[in-house]
1. Step through the residues of the range 82-99 one at a time and calculate ³J(HN,Hα) from phi using the Karplus curve (6.51 cos²θ - 1.76 cosθ + 1.60, θ = phi - 60°), rounding each to whole Hz and writing x for Gly and Pro.
2. Quick one: of the DSSP bridges fully inside the chain, what percent are antiparallel, nearest 5?
3. With a 10 Å radius around each residue's Cβ, average the other Cβ atoms per peptide and rank 101-109, 58-66, highest first.
4. With the Cα gyration tensor of the range 26-70 giving a ≥ b ≥ c as the square roots of its eigenvalues, does the rule (a/c under 1.5 for rounded; else a/b larger than b/c for prolate; else oblate) give rounded, prolate or oblate?
5. With charges only on Cβ, +1 for K and R and -1 for D and E, what is the dipole size of the chain about its Cα centre, in debye, rounded to 20?
6. Taking 2.2 N^0.38 Å as the expected size of a compact globular protein, what ratio does the Cα radius of gyration of the range 126-172 give against it, to two decimals?
7. What are the extents of the Cα atoms of the range 84-146 along their three principal axes, in Å, largest first?
8. Rolling a 1.4 angstrom probe over the protein heavy atoms, how many square angstrom per residue are accessible across the chain?
Amino acid sequence: MIAKLAPPGRRASRPSAAAGAPRDAPAVAVRPVRLDDLDAVIRIDSVVTGIEKRDYWRSLYRRYGEAASAERQFLVAVANDAVVGFVIGEVRDWEFGSPPCGWVFAIDVRPDARLGGTGTRLLEAVCAGFRQAGVRKVRTMLSRDNTLILSFFRSQGMMTGPFIPLEMDLDG
Ligand SMILES: CC(C)(COP(=O)(O)OP(=O)(O)OC[C@H]1O[C@@H](n2cnc3c(N)ncnc32)[C@H](O)[C@@H]1OP(=O)(O)O)[C@@H](O)C(=O)NCCC(=O)NCCS
């Protein structure tokens, strides 16, 4: 999935994060991750993926949380003092011959907090950081059969880009 940050066809942002949420939905704030958020992040990821990857998330925290900048962002969405979602993104230079651009490589919202605009808020926040870092394009990659994340990214204006993934087995 490859897209300009604000393509002409992109839908307008919601007037507020909770515009699509139930009337009593708590306000959501997006901020940089903190060490004490990590357990909640690991829980959300394990609910979504079915695998608890504690070491992986600790290493991501060291690379994107402790070493945060506009180029390296690990952000969480917080409602009622609880982490309800997160996004991780990084500016990468000249990969695959491409000028610097932002990559979003993880985004998750807790299942009971979805469809209230939190995913949109997280993506907007990470894209704001990318703009601050001076890049004008954001990219991501997703599994072909993950129609939920595809619907989400499409709703944000992301479109198929000029790169294709290739892979092969290294066994045998
Ligand atoms: C994708 C995800 C981040 C969206 O979070 P969210 O808080 O529900 O997103 P939003 O409320 O901002 O939704 C924005 C738009 O996405 C689309 N969308 C979200 N959920 C959808 C669903 N279940 N079906 C169809 N479209 C959907 C809609 O167009 C929606 O806009 P609308 O509510 O005005 O129709 C969340 O569903 C999630 O965490 N899914 C699992 C992610 C995953 O698989 N991660 C692993 C790969 S990194």
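The values are calculated or read from the model by the stated rules, or taken from the named source; none is laboratory data. As the structure is a prediction and not an experimental result, all values here were calculated from the model. Every residue, glycine among them, receives a Cβ derived from its backbone with ideal geometry; neighbour counts consider all protein chains shown. The accessibility values were calculated without ligands, DNA or RNA, using every heavy atom of the protein model including side chains. Shrake-Rupley method; radii C 1.70, N 1.55, O 1.52, S 1.80 Å.
1. 10, 6, 10, x, 7, 9, 10, x, 8, 8, 10, 9, 6, 5, 6, x, 8, x
2. Counting DSSP beta bridges with both partners in the chain, the antiparallel share is about 90 percent.
3. 101-109, 58-66
4. Oblate.
5. Dipole magnitude for the chain comes out near 780 debye.
6. 1.51
7. On the principal axes, the range 84-146 reaches 40, 29, 12 Å in Cα extent.
8. 60
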